[in-house]
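*Asks:* Sharing a structure below in structure tokens format, with a few things to ask.
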Amino acid sequence: MRIGCQRFGLLMRLVKLKGSLERALGRRGVKVEWVEFHSGTQLAEALRATQVDLGLVGEGPPIFALSARAPIVYLAAEPPAPEGEAIIVHRDSPIRTVADLKGKTVALNKGSNVDYLLIRALEEANVRYEDVNLSFIPPSGARAAFESREVDAWAIWNPMLSTVRDATGARVLRDGKGLATNTAYYIGARGFADAHPDVVQIFLSEVKAMGEWANENTAAAAALLAPHLGLPQAALVAALQRRRFGLRALDAELVASQQEVADAFLKLRLIPHPIRVAEAQWAPPSRRDRMARCESAGAVACAAAGARSS
């Protein structure tokens, strides 16, 4: 099983470092391979290209993948963390409100969760999306651009958000509260999820357990992450304290929330055509469904499927 993880994805990094998933799947003869990406946009693209099987991304990447007709499905979600993303400006910036961003340059990762945050924040301030100069830069490059003042503002998420605020005194111009939920979604290749539902369920179970541990052991989690991410432990503690992990099934509320993101992107022509998020909601196939499919594939395939599910 190939799992896509983001460079600064805290929960998935903890799962990898602890090794519990490898042990759980190893007992079933399944090997885990971790593939690192700088952002969820790249991860979703790799999923579309069948280079990975599962991953965790923000609100934006699945919408762009679905608009490219990628066969992906939503598996589950984390609780919303609206204050875990924000548009920030320099400490001494004359920019005081989102309305002041008109004509200014904002750095952001294209197609990410903060792309939607910026859209909503500009709407709230009655500023057109086209009236802001967008500089699409991945987080690693965007930090350098922000600190060197090549850009006026930066739309970014935790833990980078906490790190930059602590290091530079950057001010939050607007976070996601009341605008965007900043929900992280577990997504997978439909073919992989349908063929290996038991493996997917083990993956989600281990992720859930790790999230519960991180909620109760913030300092220990930050200490474990710090040397591997190259970020100050204090900033990681702050980032972890600003959110609570907790696996959640994709329900009607979450589907509606993602549909709002898709519709907003379509309105601005960021995606080429409408999509229906509900069609990408994954339901684990029953054993009867799996056996029916394998019977149509032949006796050998059916026997193999039966052995895997036993």
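The values are calculated or read from the model by the stated rules, or taken from the named source; none is laboratory data. Predicted, not measured: the structure shown is a model, and the values here were computed from it. In this analysis, Cβ positions are derived from the backbone assuming ideal geometry, glycine residues included, and neighbour counts consider all displayed protein chains.
*Asks:* Could you tell me whether I95 is at pLDDT 95 or above, out of contact with any Phe, Trp or Tyr (no Cβ under 7 Å at 6 or more places or on another chain) and either buried (at least 16 other Cβ atoms within 10 Å of the Cβ) or in the same structural domain as L231 (by TED's automatic domain parsing) (or both)? Steps first, answer last, please.
*Replies:* Values: at pLDDT 95 or above: yes; out of contact with any Phe, Trp or Tyr (no Cβ under 7 Å at 6 or more places or on another chain): yes; either buried (at least 16 other Cβ atoms within 10 Å of the Cβ) or in the same structural domain as L231 (by TED's automatic domain parsing) (or both): yes.
Judged against the criteria, I95 is a match.
*Asks:* Spot the failing condition for S140; the list is (1) within 21 Å of the chain's Cα centre (by Cα); (2) crowded, with 18+ Cβ neighbours inside 10 Å; (3) not charged (D, E, K, R), and only one is missed.
*Replies:* It is condition (2) that S140 fails.
*Asks:* Moving on. If you scan the range 109-145, which residues turn out to be closer than 15 Å to V164 by Cα and either without any contact (Cβ under 8 Å) to a residue 40 or more places away in the chain or among the charged types (D, E, K, R) (or both)?
*Replies:* Residues satisfying the conditions are G141, A142, R143, A144, A145.
Residue by residue, here is whether (1) touching a helix residue (DSSP H, G or I) at 6+ places or on another chain (Cβ under 6 Å); (2) crowded, with 18+ Cβ neighbours inside 10 Å; (3) closer than 28 Å to A195 by Cβ; (4) at pLDDT 95 or above holds:
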site: A226; (1), (2), (3), (4): yes, no, no, no
site: L231; (1), (2), (3), (4): yes, yes, no, no
site: L236; (1), (2), (3), (4): yes, yes, no, no
site: F245; (1), (2), (3), (4): yes, yes, yes, no
site: D251; (1), (2), (3), (4): no, no, yes, no
site: Q258; (1), (2), (3), (4): yes, yes, yes, yes
site: L268; (1), (2), (3), (4): yes, no, no, no
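*Asks:* Quick check on the range 30-39. Is at least one of its residues in contact with a Leu (Cβ under 7 Å, 6 or more places away or on another chain), in the same structural domain as S257 (by TED's automatic domain parsing) and not in a strand (DSSP E or B)?
*Replies:* Of the range 30-39, the ones in contact with a Leu (Cβ under 7 Å, 6 or more places away or on another chain) are 32, 37.
Filter again for in the same structural domain as S257 (by TED's automatic domain parsing), leaving 32, 37.
With the extra rule that they be not in a strand (DSSP E or B), the set shrinks to 32.
Within the range 30-39, one or more residues are in contact with a Leu (Cβ under 7 Å, 6 or more places away or on another chain), in the same structural domain as S257 (by TED's automatic domain parsing) and not in a strand (DSSP E or B).
*Asks:* Can you spot a residue in the range 37-53 that is touching a Lys or Arg at 6+ places or on another chain (Cβ under 6 Å), under 18 Å from P159 (Cβ atoms) and surrounded by fewer than 20 Cβ atoms within 10 Å (Cβ to Cβ)? It would help to see each step written out before you state the result.
*Replies:* Just the residues of the range 37-53 that are touching a Lys or Arg at 6+ places or on another chain (Cβ under 6 Å), to begin with: 38, 52-53.
Then drop every residue that is not under 18 Å from P159 (Cβ atoms), which leaves 38.
From what is left, the residues that are surrounded by fewer than 20 Cβ atoms within 10 Å (Cβ to Cβ) are 38.
Within the range 37-53, one or more residues are touching a Lys or Arg at 6+ places or on another chain (Cβ under 6 Å), under 18 Å from P159 (Cβ atoms) and surrounded by fewer than 20 Cβ atoms within 10 Å (Cβ to Cβ).
*Asks:* Within the range 157-167, can one find any residue that is at pLDDT 95 or above and crowded, with 18+ Cβ neighbours inside 10 Å?
*Replies:* Taking the range 157-167 and keeping what is at pLDDT 95 or above, we get none.
Within the range 157-167, not a single residue is at pLDDT 95 or above and crowded, with 18+ Cβ neighbours inside 10 Å.
*Asks:* Let me ask you something else. Which of the helices (runs of 4 or more DSSP H) found entirely inside the range 148-248 contain at least 2 residues meeting this: at positive phi and assigned by TED's automatic domain parsing to the domain that holds S20? If you could, list the steps in order and put the result at the bottom.
*Replies:* Numbers: elements: 160-168, 190-195, 197-216, 218-229, 233-241.
No helices (runs of 4 or more DSSP H) qualify here.
*Asks:* OK, next. Taking P61 as the residue in question, decide whether it is surrounded by fewer than 22 Cβ atoms within 10 Å (Cβ to Cβ), in contact with a Gly (Cβ under 7 Å, 6 or more places away or on another chain) and touching a residue at least 40 places away in the same chain (Cβ under 8 Å).
*Replies:* Details: surrounded by fewer than 22 Cβ atoms within 10 Å (Cβ to Cβ): no; in contact with a Gly (Cβ under 7 Å, 6 or more places away or on another chain): yes; touching a residue at least 40 places away in the same chain (Cβ under 8 Å): yes.
Criteria not met by P61.
*Asks:* Consider W213 carefully, then state whether it is under 30 Å from V73 (Cα atoms) and surrounded by 20 or more Cβ atoms within 10 Å (Cβ to Cβ).
*Replies:* Values: under 30 Å from V73 (Cα atoms): yes; surrounded by 20 or more Cβ atoms within 10 Å (Cβ to Cβ): no.
No, not satisfied.
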